[in-house]
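Here the structure is laid out as structure tokens; the discussion comes afterwards.
The values are calculated or read from the model by the stated rules, or taken from the named source; none is laboratory data. The structure displayed is predicted, hence computed values, not measured ones. Here Cβ is always computed from backbone atoms with ideal geometry, including for glycine, and neighbour counts include all displayed protein chains.
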Amino acid sequence: MVFKRLLGPPGPGGPTVDTVLEPGPVRPGGTLAGQVRLVGGDTAFDVEQVALELVARVGGERGGNGVAVPFERFAVGGGFRLDEGEARTVPFGVTLPWETPVTELDGRELGVRLGVRTELAVAGPPEPDAVAGPGPLGPGPLGVDPLGVDPLGVGPLPAQEAIIGAFRRLGYGLRSAGLEHGRIGGTGQRLPFHQEIGLTPAPSYADRVEEIELTFLTHPGGIEVVLEADKRGGGNAGGDEDTGHDALSRFTVGHDDARDWAAEVDGWVRELVEHREAYGSDSAYGHGGPHSGPGIG
């Protein structure tokens, strides 16, 4: 017997794998449900484990490829024999990490690419291992990924939706969205990357900042809202990890908070801009990674 981990399509005569997700977007911290459908190949295999791996496309210039970064893994089945030609279904329901990035707003895709990669650990006739690691994700609905990733759609939590809605009502526009390598200093961030949503400034701030960048760091007890202001006409202040660009402020909200969100958000931005103007462009809590992200068409 040879144990091997199949990440991509098995070779000729091997079992086939088809992962079907329940339709509709999932929310951060919510349940991702579906089925892994297996069909045996030309010979029997002992399936030691069926696993799902969540993968995100991180970094890359606007419209670029980026790198596939795994950020969570779940064992959803295994310990059975898959006979020749046998059809078997493995249902699953797993909980998404709270920091899972949002891929759509109001049914509109943001250009953020997430996926579910299915893995089998099997024992069968001696064959070359089919093992592969994270690699580039190319253009396309999720990117042309040689590792067989199924697209994953994630919608916003109610508080996230309320905050973004408040920015819109105040005159801010959605400019871009992307995933950046690195952690934001002084926060409870757990994943090795974070999402940035770029907003064009409202008219009242258009002469003072070029862009507001919004990041949600979500956890079971609430959301850390991180705002960064890029100054008008000054460009970025830095590119190394854990250094500040212009100004960065953090605020905390609960999942069920009932607030005047427009007034709250306006106060956040005013504090952020005044903080930058009072202390200079290097005043920040620390922010890792350069700016980038696919545009929202």
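Points to keep in mind about this one:
- Members of segment 99-120 that are hydrophobic (A, V, I, L, M, F, W, C), part of a strand (DSSP E or B) and under 22 Å from Pro158 (Cα atoms): Leu105, Leu114
- Hits in segment 78-98 - residues which are among the hydrophobic types (A, V, I, L, M, F, W, C) and not in a strand (DSSP E or B): Leu96, Trp98
- Ala159 vs. criteria modelled with pLDDT of 95 or more, over 19 Å from Leu96 (Cα atoms) and out of contact with any Leu (no Cβ under 8 Å at 6 or more places or on another chain): no
- Segment 17-45, residues that are among the aliphatic types (A, V, I, L, M) and within 17 Å of Thr89 (Cα to Cα): Val17, Val20, Leu21, Leu32, Ala33, Val36, Leu38, Val39, Ala44
One line per residue, one yes/no per condition, for (1) assigned to a strand (DSSP E or B); (2) touching a Cys at 6+ places or on another chain (Cβ under 6 Å); (3) at pLDDT 95 or above; (4) crowded, with 19+ Cβ neighbours inside 10 Å:
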{"position": "Phe216", "(1), (2), (3), (4)": "yes, no, yes, yes"}
{"position": "Ile223", "(1), (2), (3), (4)": "yes, no, yes, yes"}
{"position": "Leu227", "(1), (2), (3), (4)": "yes, no, yes, yes"}
{"position": "Asp230", "(1), (2), (3), (4)": "yes, no, no, yes"}
{"position": "Gly235", "(1), (2), (3), (4)": "no, no, no, no"}
{"position": "Gly238", "(1), (2), (3), (4)": "no, no, no, no"}
{"position": "Glu241", "(1), (2), (3), (4)": "no, no, no, no"}
{"position": "Ser249", "(1), (2), (3), (4)": "yes, no, no, yes"}
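- Search result, residues across segment 174-214 that are touching a Gly at 6+ places or on another chain (Cβ under 8 Å), within 20 Å of Pro70 (Cα to Cα) and crowded, with 19+ Cβ neighbours inside 10 Å: Ala177, Gly178, Leu179, Glu180, Gly182, Arg183, Ile184, Phe193, His194, Gln195, Glu196
- The residue that is modelled with the lowest pLDDT, among those in segment 135-153 that are surrounded by fewer than 20 Cβ atoms within 10 Å (Cβ to Cβ) and in a strand (DSSP E or B), is Pro136.
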